[in-house]
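Novice: One structure, as structure tokens, below. Some questions next.
The values are calculated or read from the model by the stated rules, or taken from the named source; none is laboratory data. From a predicted model like this one, the values you see are computed outputs, not experimental measurements. Counting neighbours? That spans all protein chains shown, and the Cβs are built from the backbone with ideal geometry, glycine included. For the accessible areas, the whole protein counts, side chains as well, though only heavy atoms, and no ligand, DNA or RNA atoms are used. Shrake-Rupley method; radii C 1.70, N 1.55, O 1.52, S 1.80 Å.
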Amino acid sequence: MANQYLKSNPAALKRIKHVIVLMLENRSFDNLLGWLYADEAPPRGQQFDGLHSDLWNPLNNVDFDGAPFIEKVYVRKNGQKPKGRFSNRAWHEQPDFTLPDPDPGEGYKDTNYQLFQKYEIALGNWSRRPYADAVEPTNMGFVDNYRDAMLYGTLIYGDKPTDPREIMTCYTPDQVPGLSQLVRQFAVCDQWFASVPSQTLPNRAFIHAATSCGQVNNKPRALYDARTIFNQIEDAIHDESRTDLSWKVYHGTAPVRKPGGEPWEQGQAFSLTRLTMQQLHDRSLDDRFCLIDEFYQDAANGALPSYAFLEPQFSKGDNPQRVQNDQHPPADIRTGEQLIADVYRAVVQSPCWEETLLVITYDEHGGCYDHVAPANNATPPDGEGQPGQLGFRFNRFGIRVPTVLISPYIDPGAICRPAGYTPFDHTSVIATVQKCFDLKGNLTRRDAAAPDLSCVLTLSTPRTDKPDVNPVAWESEPPPDQVSDLHRSLEWACAQLVGRVRPDDQNIFEFIGAAYAEKFGGHSR
């Protein structure tokens, strides 16, 4: 039996010269990888915390006489006939690659309900350790919360409601073959948690800065004035003359391809990282932000930076030739599968391959079902002071997200968990970059406490195989954008930067693109 609770191995990091992170959007671990080993045993006797068909969530329902009852809604595979009291109801007999549709609730209070079946939870005793809240999570509130979120979306935004039971539908390995093949060929972290039990922007702030400046929701503040790992590298370059260090943020669509093989049009210059992290607004950093085409060129030329962060295309916007490939519900996940495959192939075929660690992860669960309760021993990043937005004390992690680690120094099929009591979260990336490149100090208490990823580099010599991946192709154009809470938050952030609100007659994506170009000169190399 293989030991999968792995100790930090700092010496192994000295073989790594390039850390690359691709962060996609809003999927829980169970949603994409929960069924991975449902029909076979994990390799080498390892444990895998995945799905089984007896898992369920309650739905508060009423019978034909209007009498209330609790319906058991069982987790199921995408395209599988449902079981339970209403097993004869209609379902998608063929896999639906846009589930869940519409977008689930993903804010702090929605996540509270998904975990605790309460929108408001009592705070625990701040003086005791660990800083647990007063109630234990059961992960039994996903279906009822999805019903409530659809009602809210219908009343406020005109969304079209659907069956709330669909939140219990999860993809099978053959429906996400690119991601699943990478898991089998390299390593998966089945206990990697989002840093905050909430939305996109706070969690993306944590992967960059190990704090969200007290924010737990995308609103009302979408801008974060915190020192980032990029600033830490930049300081080392200038203050210590570290000519061996470099960093870039790559973003956009190309070269995600149509089924016929011809490329989609290049996405416009827009970096979510730069927009939201205020200490990256300095125009002297312009050449650090590049369209993703340059990533593929840098990989092919053996010119990858020390640390690279990759963003997907977050919307098609006003150009029908672009493709949204962030996998944010209800986007078609197959376009994101193609992005994952393209990024992986660029890395594995690069002259830099033998010195590279590639991390593929997701910012947050996005309201998608997961059966594992988050750990409650998170270190508050900014000290044990006043609680942040909505009273949250940053003392527990968010819900699990899929994370795959890829390197020639990784044993195939590894299921990786860190030794000790602190699980992986997004700040593990920061801790890894700091130790890999001998950066001085930490950003906050959270990254100081985070386990790094050196533990997964268990091989002493690099593998010579370069396994390929085969994502599912799509046969038609992906569905049009649906304006999400993320897009509305970006609209607000852009309005703050340019000092004006979006005119009623202007498309939201047009406004975001134009405001970003006005602030940063449309620059993206």
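Novice: Only one of (1) small (Gly, Ala, Ser); (2) part of a helix (DSSP H, G or I); (3) at pLDDT 95 or above fails for Ala149. Which number is that?
Specialist: (3)
Novice: Of the residues that sit in the stretch 369-400 and are under 19 Å from Leu33 (Cα atoms) and out of contact with any Leu (no Cβ under 9 Å at 6 or more places or on another chain), which one is surrounded by the fewest Cβ atoms within 10 Å (Cβ to Cβ)?
Specialist: Residues of the stretch 369-400 that are under 19 Å from Leu33 (Cα atoms), as a first pass: 369-374, 398-400.
Still in the list and also out of contact with any Leu (no Cβ under 9 Å at 6 or more places or on another chain): 370, 372, 398, 400.
On the way: Asp370: 25, Val372: 18, Gly398: 29, Arg400: 30.
For the stretch 369-400, the residue satisfying everything is Val372.
Novice: Answer with yes or no whether Ala300 is among the hydrophobic types (A, V, I, L, M, F, W, C), over 23 Å from Thr228 (Cα atoms) and at pLDDT 95 or above.
Specialist: Details: among the hydrophobic types (A, V, I, L, M, F, W, C): yes; over 23 Å from Thr228 (Cα atoms): yes; at pLDDT 95 or above: yes.
Judged against the criteria, Ala300 is a match.
Novice: Given the options Ile237, Ile233, name the one that is open to solvent by 10 Å² or more (accessible area, probe 1.4 Å) and either among the aromatic types (Phe, Trp, Tyr) or in contact with a Leu (Cβ under 6 Å, 6 or more places away or on another chain) (or both).
Specialist: On the way: Ile233 fails: open to solvent by 10 Å² or more (accessible area, probe 1.4 Å).
Sole residue among the options that is open to solvent by 10 Å² or more (accessible area, probe 1.4 Å) and either among the aromatic types (Phe, Trp, Tyr) or in contact with a Leu (Cβ under 6 Å, 6 or more places away or on another chain) (or both): Ile237.
Novice: Any residue at all in the stretch 152-166 that is of a type in the set (Ser, Thr, Tyr), over 30 Å from Gln386 (Cβ atoms), modelled with pLDDT of 95 or more and outside any loop (DSSP other than H, G, I, E, B)?
Specialist: In the first step, residues of the stretch 152-166 are kept if they are of a type in the set (Ser, Thr, Tyr); the result is 152, 154, 157, 162.
Narrowing the set further to residues that are over 30 Å from Gln386 (Cβ atoms) leaves 154, 157, 162.
Adding the requirement that they be modelled with pLDDT of 95 or more leaves none.
No; the residues of the stretch 152-166 include none that is of a type in the set (Ser, Thr, Tyr), over 30 Å from Gln386 (Cβ atoms), modelled with pLDDT of 95 or more and outside any loop (DSSP other than H, G, I, E, B).
Novice: Given (1) outside any helix (DSSP H, G or I); (2) open to solvent by 60 Å² or more (accessible area, probe 1.4 Å); (3) within 29 Å of Pro330 (Cα to Cα), identify the lone condition not met by Gln496.
Specialist: (1)
Novice: Still on this model: May I ask you to list the residues in the stretch 426-458 that are among the acidic types (Asp, Glu), open to solvent by 10 Å² or more (accessible area, probe 1.4 Å) and touching a strand residue (DSSP E or B) at 6+ places or on another chain (Cβ under 9 Å)?
Specialist: So the first thing to find is which residues in the stretch 426-458 are among the acidic types (Asp, Glu), and the list is 438, 447, 452.
The next check asks that each one be open to solvent by 10 Å² or more (accessible area, probe 1.4 Å); those that pass are 438.
Passing the criteria: none in range.
Novice: Quick one: in the stretch 282-297, which of the residues that are among the aliphatic types (A, V, I, L, M) and open to solvent by less than 20 Å² (accessible area, probe 1.4 Å) is modelled with the highest pLDDT?
Specialist: So in the stretch 282-297, the residues among the aliphatic types (A, V, I, L, M) come out as 285, 291-292.
Still in the running and open to solvent by less than 20 Å² (accessible area, probe 1.4 Å): 285, 292.
Values: Leu285: 96, Ile292: 90.
My answer is Leu285.
Novice: While we're on this one: Pairs please, first residue from the stretch 328-347 and of a type in the set (S, T, N, Q), second anywhere and open to solvent by 10 Å² or more (accessible area, probe 1.4 Å) and in a loop (DSSP other than H, G, I, E, B), Cβ atoms under 6 Å, 6+ apart in sequence or on different chains.
Specialist: Thr335/Pro478; Gln338/Pro471
Residues are listed down the side, and each one gets a yes or a no for (1) open to solvent by less than 10 Å² (accessible area, probe 1.4 Å); (2) over 19 Å from Leu22 (Cβ atoms); (3) touching a Pro at 6+ places or on another chain (Cβ under 7 Å):
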| residue | (1), (2), (3) |
| --- | --- |
| Met168 | yes, yes, no |
| Pro177 | no, no, yes |
| Gln199 | no, yes, no |
| Ala209 | yes, no, no |
| Tyr224 | yes, yes, no |
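Novice: If a residue has to be within 12 Å of Leu275 (Cα to Cα) and under 27 Å from the mean Cα position of the chain (by Cα) to count, how many in the stretch 497-520 make the cut?
Specialist: The qualifying residues number 8.
Novice: To continue, here is another question. May I ask you to list the residues in the stretch 1-29 that are more than 15 Å from Asp452 (Cβ to Cβ), open to solvent by 40 Å² or more (accessible area, probe 1.4 Å), touching an Asp or Glu at 6+ places or on another chain (Cβ under 8 Å) and of a type in the set (S, T, N, Q)? Can you show your working first?
Specialist: Step one: list which residues in the stretch 1-29 are more than 15 Å from Asp452 (Cβ to Cβ), which gives 1-4, 17-18, 20, 22-29.
Those left that are additionally open to solvent by 40 Å² or more (accessible area, probe 1.4 Å): 1, 3, 17.
In the following step, the residues that additionally are touching an Asp or Glu at 6+ places or on another chain (Cβ under 8 Å) were identified as 17.
None - no residue of the stretch 1-29 is more than 15 Å from Asp452 (Cβ to Cβ), open to solvent by 40 Å² or more (accessible area, probe 1.4 Å), touching an Asp or Glu at 6+ places or on another chain (Cβ under 8 Å) and of a type in the set (S, T, N, Q), so the list stays empty.
Novice: Any residue that is of a type in the set (S, T, N, Q) and open to solvent by 90 Å² or more (accessible area, probe 1.4 Å) - is there at least one of those in the stretch 30-51? Explain how you work it out, then say what you get.
Specialist: First, the residues of the stretch 30-51 that are of a type in the set (S, T, N, Q): 31, 46-47.
With the extra rule that they be open to solvent by 90 Å² or more (accessible area, probe 1.4 Å), the set shrinks to 47.
Yes: one or more hits.
Novice: Still on this structure, please answer the following. Could you list all residues from the stretch 379-410 that are modelled with pLDDT of 95 or more, outside any strand (DSSP E or B) and among the aliphatic types (A, V, I, L, M)?
Specialist: Ile399, Val401, Ile410, listed by residue number.
Each row is one residue, and each column tells you yes or no for (1) assigned to a loop (DSSP other than H, G, I, E, B); (2) in contact (Cβ under 8 Å) with a residue 24 or more places away in the chain; (3) in contact with a helix residue (DSSP H, G or I) (Cβ under 8 Å, 6 or more places away or on another chain).
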| position | (1), (2), (3) |
| --- | --- |
| Val19 | no, yes, yes |
| Leu36 | yes, yes, yes |
| Glu40 | yes, no, no |
| Arg44 | no, yes, no |
| Gln47 | yes, yes, no |
| Leu51 | yes, yes, yes |
| Asn61 | no, no, no |
| Phe64 | yes, no, no |
| Phe69 | no, no, no |
